[in-house]
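The numbers here are math on the coordinates, done by the rules we state, and not lab data. Bear in mind that the values here come from a model prediction, so they are computed numbers and not experimental data. Backbone-built Cβ (ideal geometry, glycine too); neighbour counts: all protein chains shown.
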Amino acid sequence: MDVNEVWSPQACTLPTAQRPLRVAEFDALFAEAATGVERIGAGRTRVRLRAEPATAERAAGLAARETACCSFFTFTLTATGGDLTLDVAVPARHTDVLDAFTGRAAEAVAAAARPGGGGDG
């Protein structure tokens, strides 16, 4: 199955032609700003991001646009104590979408951690 089919189930109202672009936006956010990712529950994932105002603004805008077309997502952006996290939650019937989301974030974090991967640590 194509990642866009998993990521964008029929419940998504984003036009089909725009779906790969949205996935690419998340991929770019993960590649450029994600420092860690973990499943924190059956229907929840936490992505740790670089604690920078521009990253918070970018993540918030992307989350707002995503919930406009896929209302089953719940995004919570938290900035506290010098940390920035993006928690993503979905209902049980959409855990396959969260699995795809989490996998893509984890791949980006792993790639950045490899020598020459562009990570800072």
Of ASP27, ASP83, how do they rank once you tally other Cβ atoms within 10 Å and put the fewest first?
ASP83, ASP27
Computed about the Cα centre, the charge dipole of the range 23-121 from +1 Lys/Arg and -1 Asp/Glu charges at the Cβ has a magnitude in debye, to the nearest 20, of 180
Tally Lys/Arg at +1 and Asp/Glu at -1 over every other residue whose Cβ is under 12 Å from the Cβ of THR78; what's the total?
0
For the range 29-71, the dipole about the Cα centre with charges only on Cβ (Lys and Arg +1, Asp and Glu -1), to the nearest 20 debye, works out at 160
Return the sequence-ordered ³J(HN,Hα) values of the range 36-52 in whole Hz as given by the Karplus equation 6.51 cos²θ - 1.76 cosθ + 1.60 applied to θ = phi - 60°, using x for Gly and Pro.
x, 8, 8, 7, 10, x, 4, x, 9, 10, 10, 10, 8, 10, 4, 7, 10
Long-range amide H partners of ALA51 with built H, under 5 Å
LEU84
Yeah, the range 50-113 with a ≥ b ≥ c from its alpha-carbon gyration tensor (a/c under 1.5 is rounded, else prolate when a/b outruns b/c, oblate otherwise) is oblate
Going by amide H atoms built from the backbone, whose H comes under 5 Å of the H on GLY36, apart from near neighbours?
ARG48
Just name one of LEU86, LEU62, GLY103: the one whose Cα is farthest towards the positive end of the charge dipole of the range 53-110 (beta-carbon charges, Lys/Arg +1, Asp/Glu -1).
LEU62
